[in-house]
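The values are calculated or read from the model by the stated rules, or taken from the named source; none is laboratory data. It should be emphasised that the depicted structure is a prediction, and the values quoted were computed from it without experimental measurement. Cβ sites come from the backbone with ideal geometry, for glycine too, and all protein chains shown count toward neighbours.
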Amino acid sequence: MGLHQPQSELFTYQVNLEKRVRPDHPLRRVVQAVDFSFVRAEVAACYGHNGHESVDPAILLKLMFLLFFDNVASERELMQILPERLDYLWFLGYGLDDAIPHHSVLSQARRRWGTTVFQRLFVRTVEQCVGAGLVSGDKLHVDGSLIAANAAKDSVKKSSPELIAAYAAAYAATEKKLNDPADRPGFQAVNDVAISTTDPDAGLVRKGGSGSAPAYHHHRGIDDAHGVITAVATTSGSIAENKKLGELMDQHRQNTRVPLQTVVGDHKYGTAENFVHCYQQGVVSHLGDAKAKRGEVVGIFPEDRFTYQPGRDTYVCPAGQTLSRRRYVRRQRVWEYSADKAACAACPLRAQCTRARGARTISRHEAAEVLAECRAQSHSAAGKRDRHRRQYLLEGSFADAANNHGFKRARWRRLWRQQIQDYLIAAIQNLRILLARTVLQPVECVALAAAAATIFDCPAHRPRLGEGFAPSARGN
């Protein structure tokens, strides 16, 4: 029976990290698929030519990649465990005796680089997925998720709107945090009178019964084929999901270079503004109908009981009275039609028609015909199938990000840092999809991306926005 006697070695000459890291280690596959050296050219303008040499930008980017790839709790902890992890040392290109950087170099690099480098890393993963045939590009699923800001509720201070505006300007808050207010007098958003002194960019959002708390809103678009994330936007938590649909669609087109044919979202996206935008872009809108979701008032005639007369531009109510155009509501882009007040008051069907003191009013959007066509697409069988698929595609994407990469909690403060976090997590998720379905050598990845770029840059294959695209085979 052998007995091992541990003894520290004064010199170590035969430790080969290449042999210590197993052949099927996930980081080996990452190195095969991603060339982190691109960052050197991206950030070259951020460095001078005299003085001390910095840590290699490629190593800094790898360190921030590891932070979210393995969901390490903090940068301090990452640097503490780095000497213990032979796989991390091999991934970074370090030896056993190389000095480990101080954790502060990561925050300094983020401040120096900004968000562009991390956005480019995300876009490169999309391009690789396109080159590997994992992106169809014709159908986009969209959704949003709240992310708890790195700020406590106690940091929220309330005051007058003037003082809050001055406080936000003093902190240079980079995004307006107001909700889209309702078109009614006396409405005042909570972000008008309150702000977090810890993270002034985070908007106050009420979720559940726990009251308002600082948060960010992550807006995401994923491709229909394999769930590749093709578009990402980060805003204050008070910015509604439906306000970012157009930006996600534009990002998707730009990152995939494929004509978008169908966009899929839940009822929060099914506003008149988004329906009209999709129609103008030539995109089939399989968005949930926000108007139908609200339902009708019980015991009151629904709007479809009122007949519109195009030639006279009037409505006829169930009692035969005429509703004439009264005024235009600019914010909602609708015309209001109302019956004669005296005739409405004497109508025998008034109890079934309105509970208002005045006459019954009907609203008609200025693009009513377009909305009717878009809502028909929304309520079609294909639209319902796409929204059902969207549920497990997007909810699964968010769940994977939360369970494996610390998605639901902001690590840092301020909007631009949260954007960096979202880009890194989205890039890592795309990379995992790529590695799960194909393992490519670095040269092959570059060749595929270059070939894809060549094809998409050709005028014959370049998408022309605004054209009426044919519905996709999967969605119809």
(Q) List the residue pairs whose Cβ atoms are under 7 Å apart, where the first residue sits in the stretch 396-409 and is assigned by TED's automatic domain parsing to the domain that holds I147, the second is small (G, A, S) and in a helix (DSSP H, G or I), and the two are 6 or more positions apart or on different chains. (A) F407/A401; K408/A402
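For (1) farther than 24 Å from K384 by Cα; (2) assigned to a strand (DSSP E or B); (3) in the same structural domain as R253 (by TED's automatic domain parsing), each residue gets a yes or a no:
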residue: Y279; (1), (2), (3): no, no, yes
residue: G311; (1), (2), (3): yes, no, no
residue: R327; (1), (2), (3): yes, yes, no
residue: A343; (1), (2), (3): yes, no, no
residue: C347; (1), (2), (3): yes, no, no
Q: Of the numbered conditions (1) more than 25 Å from I425 (Cα to Cα); (2) out of contact with any Gly (no Cβ under 8 Å at 6 or more places or on another chain), R76 fails exactly one; give the number of that condition.
A: (1)
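Table: residues versus (1) loosely packed, with under 15 Cβ neighbours inside 10 Å; (2) of a type outside the set (S, T, N, Q); (3) in contact with a strand residue (DSSP E or B) (Cβ under 9 Å, 6 or more places away or on another chain); (4) more than 25 Å from A401 (Cβ to Cβ).
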site	(1), (2), (3), (4)
G227	no, yes, yes, no
I239	no, yes, yes, no
D304	yes, yes, no, yes
P310	yes, yes, no, yes
S324	yes, no, yes, yes
Q: Given the conditions (1) hydrophobic (A, V, I, L, M, F, W, C); (2) under 20 Å from Q391 (Cα atoms); (3) without any contact (Cβ under 8 Å) to a residue 60 or more places away in the chain; (4) buried (at least 22 other Cβ atoms within 10 Å of the Cβ), report the number of the one that A231 does not fulfil.
A: (3)
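For the stretch 220-238, which positions are of a type outside the set (S, T, Y), part of a loop (DSSP other than H, G, I, E, B) and under 23 Å from S196 (Cβ atoms)?
Across the stretch 220-238, the qualifying residue is only G237.
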Q) Does the stretch 73-83 include one or more residues that are within 21 Å of T234 (Cβ to Cβ), among the acidic types (D, E) and touching a His at 6+ places or on another chain (Cβ under 7 Å)? A) yes
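Scan the stretch 75-92 and give yes if some residue there is in contact (Cβ under 8 Å) with a residue 12 or more places away in the chain, of a type in the set (S, T, Y) and within 30 Å of N150 (Cα to Cα), otherwise no.
Yes, the stretch 75-92 contains at least one residue that is in contact (Cβ under 8 Å) with a residue 12 or more places away in the chain, of a type in the set (S, T, Y) and within 30 Å of N150 (Cα to Cα).
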Q.
Let me confirm something: among V263, V190, which residue is more than 21 Å from R417 (Cα to Cα) and at pLDDT below 95?
A. V190
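Over 24 Å from A132 (Cα atoms) and touching a Ser or Thr at 6+ places or on another chain (Cβ under 8 Å): is that true of E42 in this structure?
When the stated conditions are applied, E42 passes them.
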**Q.** Which numbered condition F68 fails, given (1) more than 22 Å from E18 (Cα to Cα); (2) modelled with pLDDT under 95
**A.** (2)
Q) Among (1) at pLDDT 90 or above; (2) surrounded by fewer than 14 Cβ atoms within 10 Å (Cβ to Cβ), where does D98 come up short? A) (1)
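Just wondering, is there one or more residues in the stretch 114-131 that are in contact with a Lys or Arg (Cβ under 8 Å, 6 or more places away or on another chain), surrounded by fewer than 22 Cβ atoms within 10 Å (Cβ to Cβ) and either in a loop (DSSP other than H, G, I, E, B) or in contact (Cβ under 8 Å) with a residue 12 or more places away in the chain (or both)?
no
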